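The values are calculated or read from the model by the stated rules, or taken from the named source; none is laboratory data. In this text, all values refer to a predicted model and were calculated from it rather than measured experimentally. Cβ: placed from backbone, ideal geometry, glycine included. Neighbour counts: every protein chain shown.
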Amino acid sequence: MKKIFAVSCMLMLAFMVSAQRPGGRGMSAEERAKRYEELKKELSLNDQQVDSLKAIDQEFFTKMRDVREKNGNDREKNREEMRSLMDKRGERVKTVLTDEQYTKYQKIESERRQRGPGRQGGR
């Protein structure tokens with residue numbers, strides 16, 4: 001189970017790095033809102049869960065930006081610190097969702113990573 005979690009965290013990191021727009025800009029506010037609405041529908045989340053996920057993501061992305069600014073182009077340091085941040089984020093997400101929701105969440109995120117940036121489908 002730990003290996004699966006570690007692999008999914010690494011894949012999530014790879015997705016987030018590759019999904020960034022030129023200039024380091026991530027998803028727009030509209031895209032983030034759409035993503036949370038889709039998660040709410042697909043996972044049957046309540047408003048409190050959605051708010052918690054938003055807070056977790058906001059903190060996570062802020063810390064990721066700080067790591068990149070602090071370490072510059074030192075890929076090894078960035079990788080280590082981001083892996084740690086991803087592990088912590090995953091643990092926090094797991095506490096917000098039920099076991100069934102978390103399983104579905106992992107599947108959704110895995111599918112999203114496989115589609116990759118620019119191939120979201122339905123656009």
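Couple of notes before you dig in:
- As a summary of the residue check, VAL96 satisfies the conditions (1) loosely packed, with under 15 Cβ neighbours inside 10 Å; (2) of a type in the set (A, V, I, L, M); (3) over 21 Å from MET27 (Cα atoms) except for the one numbered (1).
- Evaluating GLN120 against the criteria (1) among the polar types (S, T, N, Q); (2) surrounded by fewer than 16 Cβ atoms within 10 Å (Cβ to Cβ); (3) modelled with pLDDT of 95 or more leaves one unmet condition, (3).
- Qualifying positions in region 89-111 - without any contact (Cβ under 8 Å) to a residue 24 or more places away in the chain and either assigned to a helix (DSSP H, G or I) or among the charged types (D, E, K, R) (or both): GLU91, LYS94, THR95, ASP99, GLU100, TYR102, THR103, LYS107, GLU111
- Here the helices (runs of 4 or more DSSP H) wholly within region 1-86 that include at least 1 residues being over 18 Å from ARG113 (Cα atoms) and modelled with pLDDT under 85 are 2-19, 29-43.
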